[in-house]
Amino acid sequence: MNRFLMLFTIACVVPLAACGTLEVGIERPPTSPPSSTTIPPAPSPTAEPTVPTTPGDDWALYANPVFGYQFYYPPEATIGEAGVISFPTEELPVGKTADEYMAELQAKYGNALCVSVQYGAGYVTISAPANREFRYTLCGRTGVGVGTMVDKNETLTIAGSTYTATGYEFMGADTPCETLACHNETMRLELPDGTRIEFGAAPLEEVTYADYQTTTRPVLLQIVSTFTPGP
């Protein structure tokens with residue numbers, strides 16, 4: 001059993017003009033003694049390509065004003081945006097103060113570096129190429145709680161091209177472990193231009209993993225499948 005203790009962070013989910021991050025700490029008290037034998041995560045087989053149904057006529061179009069990518073999302077979803085909140089110290093140009101350079105970056109990228117979609121019991125985050133490795137702002141999940149992580153992969157079709165999303169299914173130490181606070185998943189993929197797309201389950205106490213799989217996950221896949229890269 002692999003054990004992890006990290007942090008779950010998703011870009012802000014507020015009206016389009018806002019930005020920031022939402023940090024939710026997750027801790028799982030173990031209910032049984034730790035095993036003395038470490039068992040590596042068991043890889044799961046590659047899933048068949050997902051072919052979601054066409055989004056409904058009431059779905060709205062999101063178009064990123066800086067990077068030009070687009071995607072559709074359902075009316076029940078909430079869109080959030082985030083811009084530059086920090087930068088690597090070695091990036092500071094000679095002759096500029098940190099405040100001057102921060103203002104320059106914020107004027108350049110606005111709130112377009114990280115876009116999040118929260119729908120039902122899950123989420124989708126899109127990190128722009130300029131934010132590779134979360135250079136300027138966090139955009140997605142950075143960890144989970146204490147438990148077992150089982151590797152997963154899934155084949156998706158985006159803008160006519162096939163990609164493999166990789167990630168894990170997380171199962172905490174609680175018994176039973178049925179709600180998303182204990183049992184959830186995180187999947188991610190990176191496009192050739194450096195755009196990073198992540199989707200998964202939010203750590204909610206009131207929703208089970210089974211419910212997420214049947215009611216929320218199919219819609220998340222629909223959202224991802226409508227993504228069109230920028231020029």
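The values are calculated or read from the model by the stated rules, or taken from the named source; none is laboratory data. Just so we're clear, the structure is a prediction, and the values are computed from it rather than from any experiment. Cβ atoms come from the backbone with ideal geometry, glycine included; neighbour counts cover every protein chain shown.
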Fill in: Any pair with Cβ under 6 angstrom, 6 or more apart, that starts in the stretch 144-160 at a residue that is closer than 16 Å to PRO218 by Cα and ends at one that is at pLDDT 95 or above and surrounded by 20 or more Cβ atoms within 10 Å (Cβ to Cβ)
GLU154/ALA165; LEU156/ALA165
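Conditions tested, residue by residue: (1) among the aromatic types (Phe, Trp, Tyr); (2) closer than 25 Å to PHE227 by Cα; (3) within 18 Å of the chain's Cα centre (by Cα).
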{"position": "GLN70", "(1), (2), (3)": "no, yes, yes"}
{"position": "LEU92", "(1), (2), (3)": "no, no, no"}
{"position": "VAL115", "(1), (2), (3)": "no, yes, yes"}
{"position": "TYR119", "(1), (2), (3)": "yes, yes, yes"}
Practice prompt. Sort out which residues of the stretch 126-184 are part of a loop (DSSP other than H, G, I, E, B), of a type in the set (A, V, I, L, M, F, W, C) and touching a helix residue (DSSP H, G or I) at 6+ places or on another chain (Cβ under 7 Å), and write them in order of number.
Written response: CYS139, LEU180
Worksheet entry | Close pairs (6 angstrom Cβ cut-off, 6 or more residues apart or separate chains): in contact (Cβ under 8 Å) with a residue 12 or more places away in the chain and of a type outside the set (Ser, Thr, Tyr) in the stretch 194-217, surrounded by fewer than 16 Cβ atoms within 10 Å (Cβ to Cβ) and outside any loop (DSSP other than H, G, I, E, B) anywhere | GLY194/ARG132
Worksheet item: Any idea which residue in the stretch 101-117 is nearest to ALA77 (Cα to Cα), counting only those that are in contact with a helix residue (DSSP H, G or I) (Cβ under 9 Å, 6 or more places away or on another chain) and crowded, with 23+ Cβ neighbours inside 10 Å?
Response: VAL117
Worksheet entry | the stretch 187-201 - residue that is surrounded by fewer than 22 Cβ atoms within 10 Å (Cβ to Cβ) and part of a strand (DSSP E or B) and, of those, nearest to the chain's Cα centre (by Cα) | ARG188
Discussion item. Quick check on ARG132: is it surrounded by fewer than 17 Cβ atoms within 10 Å (Cβ to Cβ) and more than 16 Å from PHE71 (Cβ to Cβ)?
Written reply: yes
Worksheet, complete the sentence: Pairs returned, first residue in the stretch 165-180 that is in contact (Cβ under 8 Å) with a residue 40 or more places away in the chain, second residue that is in a loop (DSSP other than H, G, I, E, B) and surrounded by fewer than 20 Cβ atoms within 10 Å (Cβ to Cβ), beta-carbon separation under 6 angstrom, 6 or more apart or interchain, are ALA173/PRO30; ALA173/THR31; THR175/THR31; LEU180/LEU204
Discussion item. Name the residue that is farthest from TYR119 (Cα to Cα), counting only residues in the stretch 159-180 that are buried (at least 20 other Cβ atoms within 10 Å of the Cβ) and of a type in the set (Gly, Ala, Ser).
Written reply: GLY172
Response to the item:
Per the filter on the stretch 75-100, residues acidic (Asp, Glu), assigned to a helix (DSSP H, G or I) and loosely packed, with under 11 Cβ neighbours inside 10 Å are GLU90, GLU91, ASP99
Practice prompt. Enumerate the pairs (first residue in the stretch 90-112 and of a type in the set (A, V, I, L, M); second residue anywhere and in a helix (DSSP H, G or I) and surrounded by 12 or more Cβ atoms within 10 Å (Cβ to Cβ)) with beta-carbon separation below 6 Å, excluding pairs fewer than 6 apart on the same chain, so at least 6 apart or on different chains.
Written response: LEU92/TYR101
